[in-house]
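The values are calculated or read from the model by the stated rules, or taken from the named source; none is laboratory data. These numbers were taken from a predicted model, which means no experiment stands behind them. Because the Cβ atoms are built from the backbone with ideal geometry, glycine has one as well, and the counts that use them run over all protein chains shown.
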Amino acid sequence: MADARLHRHVAAFVRAGLSVEVLGLGDPAGAPAGAARVTTHPRGSLARRGLDALLLPWRSRGRVLMVVDPDTLPAAYACSLLRRRPLVADVHEDYARLLRDRSWARGAVGLVARAVVSAANAVAGRADVTVVADEHVPPAAARDRRVVRNLPDGGYLPEPGPPEPAPRAVSVGDLRRSRGLFTMLDALADAPGWTLDLVGPVAPADAAALDAWLADSPAADRVRLHGRLPPRAAWALAAGAWAGLAVLDDTPAFRDAVPTKLYEFLGAGLAFAVTPLPRMVELAGESGAGVVVADSAGLAAALRGWAEDPGSLERSRASAREWAAANLYGPSAYDDLAAAVARLARKDAT
């Protein structure tokens, strides 16, 4: 329910005059604003999630069925055929590449996961509308393929404002080693005076190592872990922050990606630090708001540099505001998609 892309879709559908029903997992308090009906329950075991993937599409009432979870796509396709409802498939990521970065995706579990992803990609290409988060995200061929990038709509971001007196960084998203969790923590330890807000769930595989770091590091009291939050609450923490961090490892899942939070950092008027992955480097240079760091030592040096030279920080933040004003506002691909969904709904009603 707290997925920011889901919130952006619902906001666009509501702007288009559609009534939106949301079915999924998580806390109903984090459901998208404007939804006419929300059905949710807590995240369960893998078996429970598999059962949900099979059953949720059949519980939907809408004229158009939109799916944002690959696990649910095969059942949703069957539902759309039998009930003669248009299907919209939203593919957030290259899930086949993503599985290569998951320690749990090994053996029999990995085999099942890869089979589900393969089936989901095949089904996504047969949907009435196929939405992908970037050009490189499969399927490459579809009946009506639309690229809807993870650009923020601004509704949940704080207005850019001055930084707080004390230096503070923020990162929003899943917390795991490959997403820079320990790179950020080790850098913080070598950047005196900085604090760090981390928003997102901690990967079970990294929980013990995180607990050990928090128990042993002198910098532990400068880290705040907030867990999973709805988008508006998560990004409220960016207000007053000096910079955002997106220090991903070079994995197959991340090499060609632009993390959503980079656009959100720009929309919130923050400077940011990234690791040297091609498209993140490109956005850092294009916007003028980012610095590229190779490791925790480089990140610590960047943080110390901003603290020692506030003028350089403000130049980066000003560049973020300018880039956001030129690129993030006005008609969006989300609104174009909402118009297409509205046409499907009207067609289905006739």
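Within region 275-297, being within 21 Å of residue 328 (Cβ to Cβ) and touching a strand residue (DSSP E or B) at 6+ places or on another chain (Cβ under 6 Å) holds for 280, 281, 284, 289, 290, 291. Applying the condition of being part of a loop (DSSP other than H, G, I, E, B), in the same structural domain as residue 243 (by TED's automatic domain parsing) and in contact with an Asp or Glu (Cβ under 9 Å, 6 or more places away or on another chain) to region 154-192 and asking which residue is farthest from residue 328 (Cα to Cα) yields 176. Evaluation of residue 63 against the conditions (1) surrounded by 14 or more Cβ atoms within 10 Å (Cβ to Cβ); (2) under 24 Å from the mean Cα position of the chain (by Cα); (3) charged (D, E, K, R) shows that the sole unmet condition is (2).
The rows are residues; the columns are (1) closer than 20 Å to residue 335 by Cα; (2) hydroxyl-bearing (Ser, Thr, Tyr); (3) in the same structural domain as residue 309 (by TED's automatic domain parsing).
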residue	(1), (2), (3)
115	no, no, no
118	no, yes, no
130	yes, yes, no
137	no, no, no
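Please specify each residue of region 131-153 satisfying the condition of being assigned to a loop (DSSP other than H, G, I, E, B), in contact with an Asp or Glu (Cβ under 7 Å, 6 or more places away or on another chain) and either more than 22 Å from residue 252 (Cβ to Cβ) or aliphatic (A, V, I, L, M) (or both). Within region 131-153, 133, 137, 143, 144, 152 meet the criteria. Scanning region 76-106 for residues that are over 23 Å from residue 206 (Cβ atoms), in contact with a strand residue (DSSP E or B) (Cβ under 9 Å, 6 or more places away or on another chain) and of a type outside the set (D, E, K, R) turns up 76, 77, 79, 80, 81, 86, 87, 88, 89, 91.
Kindly provide the set of residues from region 11-42 that are touching a Gly at 6+ places or on another chain (Cβ under 6 Å), modelled with pLDDT of 90 or more and either under 22 Å from residue 55 (Cα atoms) or not assigned by TED's automatic domain parsing to the domain that holds residue 339 (or both), ordered by number. Within region 11-42, just 21 meets the criteria.
Return the pairs, sorted by first residue and then second, in which the second residue is buried (at least 19 other Cβ atoms within 10 Å of the Cβ) and aromatic (Phe, Trp, Tyr), the first residue lies in region 313-325 and is closer than 16 Å to residue 152 by Cβ, the beta carbons are less than 8 Å apart, and the residues are 6+ apart or on different chains. Taking only residues 6 or more apart or on different chains, the pairs are 320/265; 320/272. Reported count of residues in region 304-344, each being of a type in the set (A, V, I, L, M, F, W, C), surrounded by fewer than 19 Cβ atoms within 10 Å (Cβ to Cβ) and in contact with a Pro (Cβ under 8 Å, 6 or more places away or on another chain), is 2.
Quick grid of which residues meet (1) in contact (Cβ under 8 Å) with a residue 24 or more places away in the chain; (2) under 14 Å from residue 300 (Cβ atoms):
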| position | (1), (2) |
| --- | --- |
| 182 | yes, yes |
| 189 | yes, yes |
| 202 | yes, no |
| 212 | no, no |
| 215 | no, no |
| 224 | yes, no |
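Scanning region 250-272 for residues that are touching a Ser or Thr at 6+ places or on another chain (Cβ under 9 Å) and at pLDDT below 95 returns 250, 251, 253, 254.
Check 277, 248 and return the single one that is within 16 Å of residue 175 (Cα to Cα) and touching a Phe, Trp or Tyr at 6+ places or on another chain (Cβ under 7 Å).
Selected residue: 248, the only one of 277, 248 that is within 16 Å of residue 175 (Cα to Cα) and touching a Phe, Trp or Tyr at 6+ places or on another chain (Cβ under 7 Å).
Of all residues being at pLDDT 95 or above and of a type in the set (D, E, K, R) in region 212-229, which is surrounded by the most Cβ atoms within 10 Å (Cβ to Cβ)? Just the residue, please. Once the filter is applied, the top-ranked residue is 222.
Scanning region 43-56 for residues that are over 14 Å from residue 69 (Cα atoms) and modelled with pLDDT of 80 or more gives a single hit, 48.
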